[in-house]
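Take a look at the structure below.
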Amino acid sequence: MTKQTTHAYSLVGSPAGFTISRWCTLTAVAMLAISAISGFGQQPQATQPETAKPAAEKKPAAEPKQKMLGNYSMHSSVELGGVITQKDGSRAMWATMVNEGTGMRILNQSLELRTMNPSKTPFFDTLSTASFGYGGEPNDVSFLKMSKGKLYDFTGSFRRDRNYFDYNLLANSLLSTATAASPALISEPDSLHLFNTVRHNSDALFTLFPISRVSFRIGYNHNTNEGPTFSTIHNGGDVQLSQWFRNALDTYTGGVDFKLAKRTTLSYDQFFALYRGDTTFQIAPTPFTLANGTPASLGVDTLAGTTCGTGANKTAEVVNGIVNPYCSQTLVQSAVSPTRTTFPTEQFRFSSHYWDKVAFNGRLTYVGGVMNVSNFNETFNGLLTRTFLRQEISTGGMGNGRLAHNKRDSLNGDFGVEAELSKYFAVSDAFSYRDFRLEGNNILVNETWADSGTPPPIPTANLNVNTPLSSLVDSTSTTPNNYFLNQKIIGNTILGTATVIPEVKFSAGWRFDTRNIVDPGDDLTWHQNGMLLGLVATPSPIFRFNVNLDTLNWKSANGATPSNTYTREAPDKVYHVRARASVKPAKWINFAVTANDFEGKNRDPLVNHFEHSHDLSFATQIIPSEKFSFDMNYAHDDVSSQTDLCYIYVPTAAYPLPSGAQGSAGTCLQTADNPGGTLPTQSASTQLYLGNGRYDAPVNFFSGAISWAPSKYFRLNGGARVTHTNGTAEFLNPLMVPGALQSKVLSPFSDLLINIAPQWAWHGNWVHHGYDEAGGPGPAARTFHGDVVTLGVKYAF
């Protein structure tokens, strides 16, 4: 039976999702700063001698209009509470799509300080900070902004996002012992490529003299994404791997802005980015062992009753949890490939609107990147009966085990100008230049232990996973490789706009670019051009309409370039129409209709690609008073594509060749121009069959909401969101199911706020999450339903 993915869930609400040691980090910094300066600049009050006054003259103190902290006016709020969740159905899909758990929360927090006397607040004039999501939400965010007049601006943020994915139709083995008449799959409730990662992003930017003629900027961004994930490798029986996924990117920025003249700025920036890829993997836990207790994986495509071995050694793959040593299997599968990439970047920008009727802007950027893969090691130990391999170790052949060294040089530039030639006509032109060169080399050292040679050292029938490596042929190969790739893209777009009458504007333009790609053995060039048309009409103050049409055509520039597109399946002809109409019959009513239509095609006889994306949406908003509002949205989207493809199908008694299958036809027929095809005279199991790769996903989306506030003590919001998909696709495996292509997502919601006392409010929120699929469960059902209730108390002043 197939080994199921075993994984200790680490979701929101669990200890891994509950840690809040870094919550509101930026807020804490702000509070420390406030505590240090809250008394600074506060002048001591002179003690007034007590003077007897008639009782009648005493008056109650006037209630302050705003809260003060030293010389700052202060506004703050905090909302504390918790989340209660109830769910049934697929836990994996709940975590993938909702990822909410029960627990206490810091729902929201905000603080704003504004100076009342800048001369008495030397450190900052304004400060604002906000946080939400701490205590177990999948997304935690904190912001901080500070400024001191003309001296400086500072912005900082921290964000934590948990990303969980477990959609069991992805990379599913689709194993079955059933017949075509009864296609039941072996249960696999989890995806073989499940991942559970956490992204941390910290960002800071400091600007000195922000509104002066010369200003300086310095910034830093730290971004990590790591966590446990699973994958598979086609080695020793499609083995599942347990990965620790970790990528990190640190970006340092510095820049200066020169305000040379009125509405004219020159900017120079330097960036330095350091990428660290430290993902490692090893064989995932397996329930099977050898007779000596060594864990052994037979891969994800193991079925009860499957046999292996020959003669007296032929038995089932697994007997009482013990693996037959003569089967293909994996004992060790691991890899370490630390990757380091640096991207030093220089950028020059300018913009000018010095003259009222002419504007310029431009940018020039140079990037020199270097990438190294050091201390590379990938190890396999087990048995591959197809190639008689027992062990393979791959390492880097450069110094210190380095596998690869690559360099990338890139020069990019843009220049644009816009001129208003008269009150009736304006013209703009945008030029772009992209040029990069990538060159690299790698050396792979491969050492194998196999039962090879003539004759082999061990009789083939006797080779098993316990065969000592010393009795096999040990061979080492070293494979160097050098490669380069150049790509240059030069483009220009010119656009003219005519104001026929004040209510009608018409625009027309032309876009052209050329792309050249050079690599060892190829020098390929393509041209792209297309028309741009636009119309804006405002016949009355209550109605506005605009429409745009873009066309694009790709064409090879010479006979040395064999196709019209630089990627084989890309469209070589495209048109794109966008239109929007809005009506505002009264100040409190808004209606809008939007249409977006995109179509592309590639009629190369070996491609036959067609794609489209159609969208029609409608939105309305009605706000008759401050106490009541209503909005409704509807959209219909249809994304579709198809491309000729060739596939292999081995018919069996249980699953015969599908009716209408065409072998060695069209794109799959072997000809002088298509040597990779097959011939009709070949056997059914060796022919290539023609498919169309069809995918069509029409989606209907609806949302509606009302807001009602009958008094200052009470506010109610409620509504629903519905997404319905009724799609189809070409299924090359009879055991495949539509999955999300035929699904419905339903989310009704409500929100209640009650002001229970001055500055105090009670807040309640309810959301129902429902996900259903109509096309069959496949390896395991993915349907779920659940409710999320959030209760909180808010204090604000």
_Within-10-Å neighbourhood charge of residue 355 [Cβ basis; K, R +1; D, E -1]_ = +1
*What's the local net charge at residue 476, with K and R +1, D and E -1, over the other residues with C-beta under 12 Å away?*
-3
*asked:* Are there any trypsin sites (Lys or Arg not before Pro) in region 250-282 that are in a DSSP loop and have at most 11 other Cβ atoms within 10 Å? List them by number.
replied: 262
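Could you work out the helix-only [θ] at 222 nm for the chain, with each DSSP H run of four or more residues adding -39,500 (n - 2.57) and the total divided by the number of residues, to the nearest 500 deg cm²/dmol?
Helix-only estimate at 222 nm: -1000 deg cm²/dmol.
Loop-only chymotrypsin sites (Phe, Trp or Tyr not before Pro) in region 341-448, please: DSSP not H, G, I, E or B, and at most 16 other Cβ atoms within 10 Å. Before the final figure, lay out the partial values.
Values: sites: 348, 350, 354, 355, 360, 366, 376, 380, 388, 415, 424, 425, 431, 433, 436; in loops: 354, 355, 376, 388, 424.
For chymotrypsin sites (Phe, Trp or Tyr not before Pro) across region 341-448 that sit outside H, G, I, E and B with at most 16 neighbouring Cβ atoms in 10 Å, the list reads 354, 355, 424.
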*asked:* Using the crude model of +1 on Lys and Arg Cβ and -1 on Asp and Glu Cβ, and no other charge, please compute the dipole size for the chain relative to its Cα centre, in debye to 20.
replied: 2920 debye
*asked:* Taking 0.36 nm per residue of sequence separation and subtracting the Cα-Cα distance, how much length would be gained by fully extending the chain between residue 599 and residue 294, in nm to one decimal?
replied: 104.1 nm
*Quick one: go through region 498-514 and flag any residue whose amide nitrogen is under 18 Å from the point 7 Å out along the Cα-to-Cβ line of residue 582.*
503-505
*lysines whose Cα lies under 18 Å from that of residue 120, excluding same-chain neighbours fewer than 8 positions away*: 67, 148, 150
_Rounded to 10°, Cα long-axis angle of helix 25-37 versus longest principal axis of the chain_ = 30 degrees
*Kindly state, as a whole number, the per residue volume in cubic angstrom of the convex hull around the alpha carbon atoms of region 617-664.*
168 Å³
_If I compute solvent accessible area with a 1.4 Å probe over the protein chains, what percent of it on the chain is carbon and sulfur?_
61 percent
*Counting pairs of alpha carbon atoms under 8 Å apart in space and at least six apart in sequence, what relative contact order in percent does the chain give?*
8 percent
_What does the net charge come to around residue 428 if you take all other residues with beta carbon closer than 14 Å to its beta carbon, with K and R at +1 and D and E at -1?_
-1
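Between residue 213 and residue 88, what FRET efficiency follows from the Cβ-Cβ distance if R0 is 56 Å, with the result rounded to 0.05?
It comes out at approximately 0.30.
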*Shape category assigned to region 254-299 from the gyration tensor of Cα positions, a/c cut at 1.5*: prolate
*asked:* Using only the heavy atoms of the protein chains and a 1.4 Å probe, how would 463, 753 rank by accessible area, largest first?
replied: 753, 463
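So if each residue of separation counts as 0.36 nm, and I subtract the Cα-Cα distance between residue 506 and residue 685, what length gain in nm does that give?
On the way: separation 179, 0.36 × 179 = 64.44 nm, distance 5.99 nm.
That works out to 58.4 nm of additional length.
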_Need one number: nm distance between label points at residue 592 and residue 618, each 7 Å from Cα along Cα→Cβ, rounded to one decimal._
1.6 nm
*Looking at the square roots a ≥ b ≥ c of the eigenvalues of the Cα gyration tensor of region 409-514, which shape do they give, rounded for a/c under 1.5, prolate if a/b is larger than b/c, or oblate?*
prolate
*How big is the gap, in Å, between the Cα center of region 738-776 and the Cα center of region 295-318?*
49 Å
*Please give the length that would be gained between residue 159 and residue 774 if that part of the chain were fully extended, namely 0.36 nm times their separation in residues minus their C-alpha to C-alpha distance (nm, one decimal).*
217.7 nm
*Rounded to the nearest 0.05, what FRET efficiency do residue 721 and residue 754 give with R0 = 30 Å and r taken as the Cβ-Cβ distance? Could you check?*
0.75
*Between [x] 33.2; [y] 34.2; [z] 28.1, which matches Kirkwood radius over Cα pairs in Å calculated for the structure shown?*
[x]
*Ranked order, 731, 598 - accessible area, probe 1.4 Å, largest first*: 731, 598
*Can you list the lysines whose alpha carbon sits under 16 Å from that of residue 262, skipping same-chain ones fewer than 8 residues off?*
357
*Kindly report the accessible area of the chain per residue (heavy atoms of protein chains, probe 1.4 Å, no ligands, DNA or RNA), in Å².*
53 Å²
*Setting aside same-chain residues fewer than 8 positions from residue 587, which lysines have a Cα under 18 Å from its Cα?*
627
*Whole Å is fine, so just give me how far the alpha carbon centre of region 201-278 lies from that of region 138-168.*
14 Å
*Measuring from centroid to centroid over Cα atoms, what is the spacing of region 632-684 and region 391-454 in Å?*
34 Å
_Cα-based shape type of region 542-695, given that a ≥ b ≥ c are square roots of the gyration tensor eigenvalues and the cut on a/c is 1.5_ = oblate
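The values are calculated or read from the model by the stated rules, or taken from the named source; none is laboratory data. Here the structure is a predicted model, which means the values were calculated and not measured. Here Cβ is always computed from backbone atoms with ideal geometry, including for glycine, and neighbour counts include all displayed protein chains. Just the protein is used for accessible areas: all its heavy atoms, side chains included, with ligands, DNA and RNA removed. Shrake-Rupley method; radii C 1.70, N 1.55, O 1.52, S 1.80 Å.
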